[in-house]
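The values are calculated or read from the model by the stated rules, or taken from the named source; none is laboratory data. Keep in mind the model is a prediction, meaning the values are calculated, not measured. Cβ sites come from the backbone with ideal geometry, for glycine too, and all protein chains shown count toward neighbours.
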Amino acid sequence: MLHVDTPKDLLQHIGRELGPSDWITVDQAMIDRFADATGDHQWIHVDVERAQREMPGGKTIAHGYLTLSLIPRMAATLLEISRRSRGINYGSNKIRFISPVPAGSRIRLRQRILSADEVPGDGIRVTSEMTVEVEGQERPALVAELIGIRYA
């Protein structure tokens, strides 16, 4: 884990890779709760019996946006800013869902700090490349260029 005192200290870590995070298991219960929250009940996510018959690998797969939504949980284990008042999501430049996350898989995160810029209000806008890996798979589940602002 990278520990810094203030958001401004991130300016010294451009190009640094953080991680990997601990593994998180994406089980069917998590997938089902996400389907309920979003209304996306497509069978490839929630119909275990049909997936056994029709899906490559015989399992349901996590929603891409579920995998994306787990990034903040994993990222919190990679970077700690001691004197930070708040942080906000600013957006994304690019998100690519590269390979599926089968139910029961374990995922983890690697973060590379691409840039850090000062913004008004004593903030630092940080752009990071986030790569979510699936245990036992060569290709990542997703690669995303995400932007957040951390305020002192």
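So which pairs qualify, if the first residue must be in the stretch 116-135 and farther than 14 Å from G91 by Cβ, the second must be surrounded by fewer than 19 Cβ atoms within 10 Å (Cβ to Cβ) and among the acidic types (D, E), the Cβ gap must be under 8 Å, and the two must be at least 6 apart or on different chains?
As it stands, the answer is I124/D117; I124/E118; E129/E145, since those pairs meet every condition given.
Output yes when any residue across the stretch 87-103 is over 19 Å from the mean Cα position of the chain (by Cα), buried (at least 17 other Cβ atoms within 10 Å of the Cβ), touching a residue at least 40 places away in the same chain (Cβ under 8 Å) and not in a strand (DSSP E or B), and no when none is.
Scanning the stretch 87-103 turns up no residue that is over 19 Å from the mean Cα position of the chain (by Cα), buried (at least 17 other Cβ atoms within 10 Å of the Cβ), touching a residue at least 40 places away in the same chain (Cβ under 8 Å) and not in a strand (DSSP E or B).
List the helices (runs of 4 or more DSSP H) inside the stretch 14-73, counting only whole elements, that have at least 3 residues being among the aliphatic types (A, V, I, L, M) and farther than 21 Å from S92 by Cα.
Where helices (runs of 4 or more DSSP H) fall fully within the stretch 14-73 and carry at least 3 residues being among the aliphatic types (A, V, I, L, M) and farther than 21 Å from S92 by Cα, they are 28-38.
Examine the stretch 68-75 for a residue that is under 23 Å from D36 (Cβ atoms), modelled with pLDDT of 95 or more and touching a Ser or Thr at 6+ places or on another chain (Cβ under 6 Å), and state whether such a residue exists.
Within the stretch 68-75, one or more residues are under 23 Å from D36 (Cβ atoms), modelled with pLDDT of 95 or more and touching a Ser or Thr at 6+ places or on another chain (Cβ under 6 Å).
Need pairs with beta-carbon distance below 8 Å; first residue of a type outside the set (D, E, K, R) and within the stretch 71-86, second part of a helix (DSSP H, G or I) and crowded, with 16+ Cβ neighbours inside 10 Å; sequence gap 6+ or separate chains.
Hits for this filter: I81/P7; I81/D9; I81/L10.
Out of curiosity, is E118 assigned to a strand (DSSP E or B), at pLDDT 95 or above and surrounded by 16 or more Cβ atoms within 10 Å (Cβ to Cβ)? Please lay out each step first, then the result.
Values: assigned to a strand (DSSP E or B): yes; at pLDDT 95 or above: yes; surrounded by 16 or more Cβ atoms within 10 Å (Cβ to Cβ): no.
Judged against the criteria, E118 is not a match.
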